[in-house]
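What follows is a short report on a single structure.
The values are calculated or read from the model by the stated rules, or taken from the named source; none is laboratory data. Being a predicted model, the structure only gives us computed values, none of them experimental. Here the Cβ is made from the backbone with ideal geometry for all residues, glycine too, and neighbour counts use every protein chain on show. Quick note on the areas: whole protein, heavy atoms, side chains included, nothing else; ligands and nucleic acids left out. Shrake-Rupley method; radii C 1.70, N 1.55, O 1.52, S 1.80 Å.
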Amino acid sequence: DDDDDDDNDNVDNEDEDEEESNEIQHEQNLFYAFHKSLLHIKKDALPMAISTYYTQYLLPCRKKDTYLDLKQTKYKKLNTFLLEQSKNDNYGKNGGGGSIITIQASKDKKDPVAFLKGINRNHLDLRQMKKERNASGGAGGGSGGSDDMEIGCNKNMNKEKKQKLALVNLCIIPHHLAKILQLDEETIKATHTAKSEQRKGTGFLTLLECRDILNQYIVSNELIDVYDPEYVSMNGPLCHALYRKSKKEQQQQQLDNLNQYPERLTRKEVYEKWIEKMDDAYAIVSMPGSIITTMKRGKPPKVTIEAEARQGRKRFITRIRGLEEYGINSLDFANDISKRFACSASVDDEHTISAGRPALQKGNCELILQGHLVVELQALLLGNEKLSSHGGVKGSTYSLPKGVFDIILKKGVPKKTIK
């Protein structure tokens with residue numbers, strides 16, 4: 001029994017040591033980003049709101065592959081951390097130099113840490129950080145230069161091209177139209193003519209390939225108007241294919257004494273009518289390399305982002321669904337978002353979705369995020385940090401194609417413009 005107690009004590013001690021080591025690591029990450037961020041703030045930018053400092057300076061200056069999880073430090077909150085640094089005259093691993101920052105309270109004095117007022121640029125820790133930055137190749141106030149910097153501070157890092165996804169609209173020739181025009185199987189499936197090897201023999205055609213098939217039919221049947229090549233003479237099968245109507249519609253036409261089909265149309269009119277008759281399809285292509293990752297019938301799936309006002313339009317929540325269609329795990333994404341944007345995030349599935357919300361497909365989830373994050377989510381998911389100034393969108397590993405978002409702003413939610 002005594003041996004068992006000793007073993008339990010050893011386990012408890014190991015857990016405590018691990019927690020202490022974890023806390024130290026998180027605090028080291030925090031101090032690194034803190035020092036680095038102060039070097040990038042220009043004098044004329046002060047005083048600066050703490051929220052602006054956090055999103056545009058502190059977050060972008062964290063180390064590569066790390067997150068600033070303040071809850072894992074002894075400070076727990078950013079305001080507590082900043083307040084201590086403003087009061088500690090002997091702060092820093094290099095000692096002395098006075099307090100590294102000064103802060104300013106809000107006008108009503110309710111928030112003692114509302115603004116970053118001043119920076120002691122002669123502080124020994126900042127001078128040391130600047131030496132390290134310059135030694136690693138950084139220059140000027142706007143770029144970092146450290147090889148282990150993740151985002152924002154070092155603009156010259158990570159020059160490698162990131163894989164991006166592109167959405168391509170495709171079409172499929174319906175079998176009944178192919179039968180009417182007597183098109184062979186190899187033609188409608190583009191067995192030999194499709195430019196992509198992955199699409200050959202599948203029947204998934206680009207709009208140009210679909211148009212070429214119609215053009216071949218027109219030429220082979222000598223339907224081009226001899227006197228005006230811009231016009232196409234409409235033969236029976238082509239008219240039937242483009243203007244096929246139900247029996248009821250045909251009977252109504254006969255009663256109204258209307259001509260069932262036009263005798264000729266311009267090429268543009270024929271092509272537009274032809275494309276209208278096609279079945280919708282789409283492909284998601286990985287670029288560069290033009291590798292098709294997904295190819296399906298129908299319209300491409302949408303990622304729905306919906307913002308809703310709460311508490312008298314003073315607070316907002318943002319919902320997002322449809323990520324699974326593009327290979328994104330909702331639980332992992334929620335964890336990533338909560339760290340990037342310092343917000344709470346919860347996940348509902350088909351069993352826990354709130355009453356009144358649209359049903360979810362099996363295996364799909366809906367994320368509920370604190371705050372108005374419509375623009376930030378688009379910037380993050382597109383992998384385009386130029387769309388938002390929020391530091392949380394930096395270093396995105398996502399690359400959804402453009403045009404897949406369905407944005408819904410409920411009553412009372414202001415529209416945020418994309419830069």
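All but one of (1) open to solvent by 60 Å² or more (accessible area, probe 1.4 Å); (2) at pLDDT 85 or above hold for M287; state the number of the condition that does not hold.
Failed condition: (2).
Which residues, counting only those in the range 42-67, are among the aliphatic types (A, V, I, L, M) and open to solvent by 20 Å² or more (accessible area, probe 1.4 Å)?
Residues satisfying the conditions are A45, L46, A49.
If you take the residues of the range 232-253 that are assigned to a helix (DSSP H, G or I) and modelled with pLDDT under 85, which of them is least open to solvent (accessible area, probe 1.4 Å)?
Among those that are assigned to a helix (DSSP H, G or I) and modelled with pLDDT under 85, it is Q253.
What number goes with the only condition from (1) modelled with pLDDT of 90 or more; (2) over 26 Å from the mean Cα position of the chain (by Cα) that D256 does not pass?
Result: D256 fails condition (1) only.
Find all pairs meeting these conditions: Cβ atoms under 7 angstrom apart; at least six residues apart or on different chains; first residue within the range 107-126 and over 15 Å from T52 (Cα atoms) and open to solvent by 70 Å² or more (accessible area, probe 1.4 Å); second residue part of a loop (DSSP other than H, G, I, E, B) and not β-branched (V, I, T).
P112/A105; N122/G97
Of all residues in the range 189-231, which are part of a helix (DSSP H, G or I), in contact with a helix residue (DSSP H, G or I) (Cβ under 7 Å, 6 or more places away or on another chain) and over 17 Å from A283 (Cβ atoms)?
Passing the criteria: R211, I213, L214.
Out of (1) buried (at least 21 other Cβ atoms within 10 Å of the Cβ); (2) closer than 27 Å to N79 by Cβ, the odd one out for C365 is which?
The failed condition is (2).
Given the conditions (1) open to solvent by less than 30 Å² (accessible area, probe 1.4 Å); (2) not in a strand (DSSP E or B), and given that A355 satisfies all but one, which numbered condition is not satisfied?
(1)
Out of the helices (runs of 4 or more DSSP H) lying entirely within the range 1-90, which hold 3 or more residues that are farther than 21 Å from P112 by Cβ and modelled with pLDDT under 75?
Filter on the range 1-90 gives 2-38.
It is to be established whether one or more residues within the range 324-334 are touching a Pro at 6+ places or on another chain (Cβ under 7 Å), buried (at least 17 other Cβ atoms within 10 Å of the Cβ) and modelled with pLDDT of 90 or more.
No; the residues of the range 324-334 include none that is touching a Pro at 6+ places or on another chain (Cβ under 7 Å), buried (at least 17 other Cβ atoms within 10 Å of the Cβ) and modelled with pLDDT of 90 or more.
Could you run through the range 224-244 and say how many residues are under 15 Å from L183 (Cβ atoms) and among the aliphatic types (A, V, I, L, M)?
Of the residues in the range 224-244, 3 are under 15 Å from L183 (Cβ atoms) and among the aliphatic types (A, V, I, L, M).
Give the residues of the range 281-313 that are closer than 23 Å to L205 by Cβ and of a type in the set (S, T, N, Q), sorted by residue number.
Matches in the range 281-313: S286, S290, T293, T294.
Residue pairs, Cβ under 8 Å, 6 or more apart or interchain, first in the range 372-395 and on the phi > 0 side of the Ramachandran plot and at pLDDT below 95, second crowded, with 22+ Cβ neighbours inside 10 Å and not aliphatic (A, V, I, L, M). List them.
Short answer, once both residue conditions are applied: G395/E150.
A281 fails exactly one of the following numbered conditions: (1) within 30 Å of L181 (Cβ to Cβ); (2) in contact with a helix residue (DSSP H, G or I) (Cβ under 7 Å, 6 or more places away or on another chain); (3) not aromatic (F, W, Y). What is the number of that condition?
(2)
For K296, which of the numbered conditions (1) out of contact with any helix residue (DSSP H, G or I) (no Cβ under 8 Å at 6 or more places or on another chain); (2) surrounded by fewer than 18 Cβ atoms within 10 Å (Cβ to Cβ); (3) under 30 Å from R62 (Cβ atoms) fails to hold?
Single failed check for K296: (3).
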